[in-house]
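Working notes, structure below.
The values are calculated or read from the model by the stated rules, or taken from the named source; none is laboratory data. What you see is a predicted model; the values in this text were computed from it and never measured. When we count neighbours, we look across all protein chains shown, and the Cβ atoms used for this are built from the backbone with ideal geometry, even at glycine.
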Amino acid sequence: MFSTVLVATDLSPASDRVIACMRGLRPLGTTRIILTHALGVRHLEEMVRLLAQQAEPKLHQQKQALEDQGFAVETVMAPGIPSMEINRVASEKRASMIVIGSHGATLGREVLLGGVALEVLHRADLPVFIAQLKIFEDVEKPCGMICEDFHTQVLFATDFSDIAERAFTYVEQVVRGGGRRVTLLHVQDKSRIHGHLSDKLDEFNRIDRERLDRMAVRLKELGATEVSINLPYGVPKQEIARSAEQGGYSLIVMGTQGRGYFGELLMGSVAHHVARHTLVPTLLIPPLR
């Protein structure tokens, strides 16, 4: 599924923590990593050369850390703007996924998606794996990440849109790769239903429960042993984030775009909110372009 993965690094302590946890990608089929560092300068050849010289020892150190985990690793030093270079290199190297940390060199106290990660998300044609980092008060260890197999307990959030259906195919692949516990989550959107559609909530629940039941059957056919269904009523971004934080999940999977009951873009803002405000690694699937 994700045999070749681009791992973006800014060579910060945060990126060290991400790299230390990449063994968790092995059950997803990852064997080869393109370790990519963008220098963030253009048309200044001398500056590029000097920055590359400074970055080389640290990049080599991170490469070695990945090789110690059993990966085949290629390093790429790109001169330009990180968000543009990451997507360009991923395309050129035929990567199947981009991995990027939720924080860059400047570590904030809140769980907020860094600017580079957000820009990568906006531009990406490939699935993007947001490796969430937790900030500690200890200056000797400013950030950390729970290292585990990311496929052990999966939360799949869906609004039944086309992109959500595409995201579900990745959940299927996770189960094929050994994932055994999955929660299927659909939020009945209070802002769409409250008022003139309140009397139809029971009908919506029945229809959507049947949809989720069909997904559950499919996952069990593929080898999942525990598939739960969650159908809350509320604000989607809040309910998904709440479920993520309370459920002990190792991975969230969802599409980056979707459509609500009346055709407005829905899951884009929801996906960004979830990626910004949870500490659970998140796999975001973009629409086909």
### Task
Please verify whether the range 36-44 includes one or more residues that are under 21 Å from GLU119 (Cα atoms), in contact (Cβ under 8 Å) with a residue 12 or more places away in the chain, assigned to a strand (DSSP E or B) and among the small types (Gly, Ala, Ser).
yes
#### Entry: Unique residue being surrounded by fewer than 23 Cβ atoms within 10 Å (Cβ to Cβ), touching a His at 6+ places or on another chain (Cβ under 8 Å), hydrophobic (A, V, I, L, M, F, W, C) and modelled with pLDDT under 85 when the list is LEU118, LEU107
LEU118
### Task
Take the residues in the range 64-79 that are outside any strand (DSSP E or B) and in contact with a strand residue (DSSP E or B) (Cβ under 6 Å, 6 or more places away or on another chain), then tell me which one is surrounded by the fewest Cβ atoms within 10 Å (Cβ to Cβ).
GLU67
## Note on the structure
Note on the range 187-221: residues exposed (fewer than 15 other Cβ atoms within 10 Å of the Cβ), not in a helix (DSSP H, G or I) and not hydrophobic (A, V, I, L, M, F, W, C) are HIS194, GLY195, HIS196
### Query
For residues in the range 163-186 being outside any helix (DSSP H, G or I) and touching a helix residue (DSSP H, G or I) at 6+ places or on another chain (Cβ under 7 Å), which is surrounded by the most Cβ atoms within 10 Å (Cβ to Cβ)?
VAL182
### Query
Got at least one residue in the range 278-285 being at pLDDT 85 or above and either of a type in the set (Gly, Ala, Ser) or surrounded by fewer than 16 Cβ atoms within 10 Å (Cβ to Cβ) (or both)?
no
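Working carefully through the options ILE81, ILE33, find the one that is outside the structural domain of PHE168 (by TED's automatic domain parsing), of a type in the set (A, V, I, L, M, F, W, C) and either on the phi > 0 side of the Ramachandran plot or in contact with a helix residue (DSSP H, G or I) (Cβ under 8 Å, 6 or more places away or on another chain) (or both).
Criteria check complete, one pass: ILE33.
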#### Entry: Pair list, Cβ under 7 Å, 6 or more apart: the range 10-22 residue in a loop (DSSP other than H, G, I, E, B), other residue of a type in the set (A, V, I, L, M, F, W, C)
ASP10/ALA105; LEU11/ALA55; LEU11/LEU59; SER12/ALA105; CYS21/ALA131; CYS21/MET145; CYS21/CYS147
### Query
In the range 246-269, what count of residues is obtained for those that are in a helix (DSSP H, G or I) and at pLDDT 85 or above?
1
### Task
Using the structure shown, decide if ILE193 is hydrophobic (A, V, I, L, M, F, W, C), touching a strand residue (DSSP E or B) at 6+ places or on another chain (Cβ under 8 Å) and over 14 Å from PHE156 (Cβ atoms).
yes
